[in-house]
1. Out of ALA145, ALA222, report the one residue that is over 14 Å from the mean Cα position of the chain (by Cα), among the small types (Gly, Ala, Ser) and under 22 Å from MET115 (Cβ atoms).
2. So how many residues does the stretch 64-82 have that are surrounded by fewer than 16 Cβ atoms within 10 Å (Cβ to Cβ) and touching a strand residue (DSSP E or B) at 6+ places or on another chain (Cβ under 8 Å)?
3. Of the residues in the stretch 11-44, how many are of a type in the set (Ser, Thr, Tyr) and surrounded by fewer than 19 Cβ atoms within 10 Å (Cβ to Cβ)?
4. Would you pick out the residues in the stretch 103-139 that are within 23 Å of TYR31 (Cα to Cα), exposed (fewer than 14 other Cβ atoms within 10 Å of the Cβ) and modelled with pLDDT under 95?
5. Return yes when SER135 is without any contact (Cβ under 8 Å) to a residue 60 or more places away in the chain and over 15 Å from ALA238 (Cβ atoms) and no when it is not.
6. For the stretch 174-189, name all the residues that are more than 12 Å from the chain's Cα centre (by Cα) and farther than 11 Å from GLU240 by Cα.
7. So for the stretch 161-170 (the condition being at pLDDT 95 or above, part of a helix (DSSP H, G or I), over 26 Å from VAL107 (Cβ atoms) and over 14 Å from the mean Cα position of the chain (by Cα)), does at least one residue qualify?
8. Among the residues of the stretch 45-63 satisfying the criterion of being surrounded by 13 or more Cβ atoms within 10 Å (Cβ to Cβ) and among the polar types (S, T, N, Q), which is farthest from TYR136 (Cα to Cα)?
Amino acid sequence: MQSYLPLLTANNSLNSLASLYRGVINLQARYLLLDPYCNSFQPPVESHISPSMNGAASDDTVRPNYTNTSVFECKYELDSLAAFLEVSTNYYNATQDATFFKKYNWVSAIENVMMVAEDMMVPTYQPNGNVSELSYSFTRLTTRASETQENDGLGNPFNNGTGLIRSFFRPSDDATIFQGFIPANMMFQRYLESAVIIMDAIGGQDVLCGRMGNLASSLRTAITNNGIVNAPVGQIYAFEVDGYFGQNIMVSLVSRLY
């Protein structure tokens with residue numbers, strides 16, 4: 001949708017680019033209400049396209065359970081939630097159409113986004129040493145480590161007090177090594193902050209607006225405190241962290257021909 005953004009203007013016509021954006025936002029909101037942990041869904045019923053079977057996911061063990069008649073794959077990726085906030089922000093900034101967000105299920109979808117974000121801040125270990133009961137887990141029968149998660153689907157240990165939101169998978173659909181996935185936390189923070197403006201424009205959502213604003217603010221602090229690490233080239237943002245000083249660093253190498 002971003003390729004169309006420079007052309008987006010306010011327009012109530014059903015045949016407009018604005019209408020296409022509204023359709024995308026409404027469809028994503030529907031999917032977030034259906035299963036906010038999943039990353040890939042079957043075609044909407046209005047399309048009259050039959051569901052496709054995902055053979056790679058046939059032996060997945062996922063909590064919470066999902067149905068493959070509506071979900072194609074259920075890899076929880078924080079960037080999926082951030083993308084919904086992003087397309088909503090892009091539409092609002094281009095059109096200033098707050099009325100649209102009052103209709104249908106956008107507010108309810110945001111509530112589900114916040115529920116997942118808050119649930120995914122739970123550490124692996126409780127203060128008494130017991131393993132936390134996470135709201136999501138994922139395992140797959142596979143020969144590739146990048147397609148499943150450690151520790152019976154809970155992932156590698158994630159420390160208390162980071163203030164970061166877990167992500168079990170990356171945008172590439174590869175499993176995270178350390179679930180404090182910094183790029184997705186950055187993206188989520190950026191667009192949660194801007195979604196507060198939409199929620200405020202709707203009116204009557206003071207409590208939810210406050211939760212969103214507080215989380216966006218605390219995430220910015222958490223990214224600074226936990227995401228910036230020391231490297232041979234100086235201080236950089238880590239790709240992934242775990243709150244136990246575990247770091248996954250991605251370095252881009254640029255070659256020059258002389």
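The values are calculated or read from the model by the stated rules, or taken from the named source; none is laboratory data. All values reported here derive from a predicted model rather than from experimental measurement. Heads up, the Cβs are rebuilt from the backbone with ideal geometry, glycines too, and the neighbour counts pull from every protein chain shown.
1. Step by step, each of ALA145, ALA222 is checked, and only ALA222 is over 14 Å from the mean Cα position of the chain (by Cα), among the small types (Gly, Ala, Ser) and under 22 Å from MET115 (Cβ atoms).
2. Residues flagged as surrounded by fewer than 16 Cβ atoms within 10 Å (Cβ to Cβ) and touching a strand residue (DSSP E or B) at 6+ places or on another chain (Cβ under 8 Å) within the stretch 64-82 amount to 0.
3. At the first step, the residues of the stretch 11-44 found to be of a type in the set (Ser, Thr, Tyr) are 13, 16, 19, 21, 31, 37, 40.
The next check asks that each one be surrounded by fewer than 19 Cβ atoms within 10 Å (Cβ to Cβ); those that pass are 13, 16, 19, 40.
Looking only at that region, the number is 4.
4. Correct list: LYS103 only.
5. no
6. ASP174, ALA175
7. no
8. In this case the residue turns out to be ASN54.
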